[in-house]
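Okay, structure first, notes after.
Every number in this text was worked out from the coordinates using simple rules, so none of it is lab data. Small disclaimer: the values here were computed from a predicted structure and weren't measured. All Cβ positions, even for glycine, are placed from backbone atoms using ideal geometry, and neighbour counts span all protein chains on display.
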């Protein structure tokens with residue numbers, strides 16, 4: 001087990017204080033959105049004491065660092081752990097399936113788009129399922145709500161533009177019908193989008209039905225941040241979820257979502273494939289987003305796992321990752337690697353190192369159960385369900 005230094009990402013929606021406070025660093029006043037702990041080639045963490053990037057360390061001996069089965073199935077560390085701190089909403093986005101990621105990557109490679117270009121949508125060939133676990137109260141939009149719920153919200157706001165969209169959903173509330181509404185709204189030009197959103201903002205700013213107060217406030221806030229963006233309409237079609245600390249939410253391929261605010265710990269497949277449809281200062285790719293989105297209505301499943309012998313295990317249906325919260329009070333044995341452990345609070349002593357608040361460690365496959373002692377809250381990201389021989393997701 002070795003200390004692992006993460007890499008911060010300074011996106012404009014980040015909190016100026018949450019991650020610096022966690023890491024014991026003075027805030028600079030600039031946003032710090034994410035702390036990456038993993039081996040993604042665009043921002044690999046570094047091992048102490050020599051500063052070796054984790055992706056290079058793994059590539060030098062994948063069998064001993066990952067284990068023979070994981071090395072054969074993935075060829076690299078298959079998961080990425082992040083601390084995410086949002087003081088403003090993220091973009092309206094979705095992630096591709098493995099098949100669509102490979103297709104999109106090949107298409108952009110053939111087009112000669114540089115891998116680091118801002119307009120690049122597919123930066124690797126992996127899907128990007130993810131699990132977000134709240135460290136503070138955490139608000140999100142997640143997947144399409146039933147069409148009758150969307151219709152009720154649109155009717156309550158009562159603008160002609162929303163009325164026409166509601167009529168389209170009444171005529172066809174199937175997933176295909178929802179998909180056509182999504183595509184039609186996001187394809188509007190600037191003038192048409194402004195003509196649709198402007199009256200919404202006026203109607204929502206005047207107050208109204210208490211049953212839609214949350215939606216009305218969301219419209220005003222998003223339109224203030226992104227004037228005339230038609231994504232405001234789509235945001236009202238998604239389920240609103242509020243996670244309390246220790247709650248978690250799994251998001252699979254095609255789930256249209258938007259994190260609104262809060263601090264969480266996130267584990268995902270080791271990918272940076274994000275398809276954005278709006279409500280962002282970053283480039284959008286509506287055509288690719290439409291291709292990957294699943295418009296089927298869902299009921300988000302909030303996970304609240306109980307502690308069993310001091311360990312809460314979050315459900316993950318994919319082989320790339322799993323997440324555990326470990327409430328250490330005395331002595332325990334952490335499962336072997338490959339794994340990354342992050343200390344949220346307290347102090348845990350392990351072989352030749354100390355995990356204090358904001359400190360992470362890498363556990364290679366060659367390390368079996370790792371004995372630790374102390375009082376601490378730890379998060380351990382590791383592999384998910386076993387990968388059958390010869391299968392690569």
- What FRET efficiency do you get for residue 373 and residue 113 if R0 is 35 Å and r is their Cβ-Cβ distance, rounded to the nearest 0.05? 0.10
- Item | Whole-percent pair-distance distribution, where bins are 5 Å wide, for the alpha carbons of the range 75-224 | 1, 7, 12, 15, 17, 15, 14, 11, 6, 2, 0, 0
- Message: Using Cα-Cα distances under 8 Å and only pairs 6 or more residues apart, what relative contact order does the chain have, in percent?
- Response: 23 percent
- Message: Along each principal axis of its Cα atoms, how long is the range 311-382 end to end? Whole angstroms, biggest number first, please.
- Response: 31, 24, 20
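Ranking request for peptides 177-189, 338-350: highest mean number of other beta-carbon atoms within 10 Å first, then the rest in descending order.
338-350, 177-189
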- Query: In degrees, nearest 10, range 0 to 90: what is the angle between the Cα axis of helix 175-186 and the longest Cα principal axis of the chain?
  - Reply: 80 degrees
- Item | Contact order relative to length of the range 136-217, as percent, for alpha carbon pairs under 8 angstrom and 6 or more apart | 31 percent
- Message: Assuming 0.36 nm per residue, please report the length gained on full extension of the stretch residue 60 to residue 23 beyond their Cα-Cα distance.
- Response: 10.4 nm
- Query: What FRET efficiency would be calculated for the residue pair residue 327, residue 191, taking the C-beta separation as r and a Förster radius of 51 Å, to the nearest 0.05?
  - Reply: 0.40
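Dividing the convex hull volume of the alpha carbon atoms of the range 1-158 by its residue count, what do you get in Å³ per residue?
Convex hull of Cα atoms, per residue: 193 Å³.
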- Task: Before rounding to the nearest 500, sum -39500 (n - 2.57) across all DSSP H runs of length at least 4 in the chain and divide by the residue total; then give [θ] at 222 nm in deg cm²/dmol.
- Result: -8500 deg cm²/dmol
- Quote the FRET efficiency, to the nearest 0.05, computed for residue 72 versus residue 167 with a Förster distance R0 of 45 Å and r equal to the Cβ-Cβ distance. 0.25
- Message: Using only the alpha-carbon atoms, how far is helix 147-157 inclined from the longest principal axis of the chain? Give it as 0 to 90 degrees, nearest 10.
- Response: 60 degrees
- Message: If you average the alpha carbon positions of the range 266-282 and of the range 228-264, how far apart do those two centres end up, in angstrom?
- Response: 12 Å
- At the level of C-alpha centres, the distance separating the range 125-142 and the range 297-348, in angstrom, is 15 Å
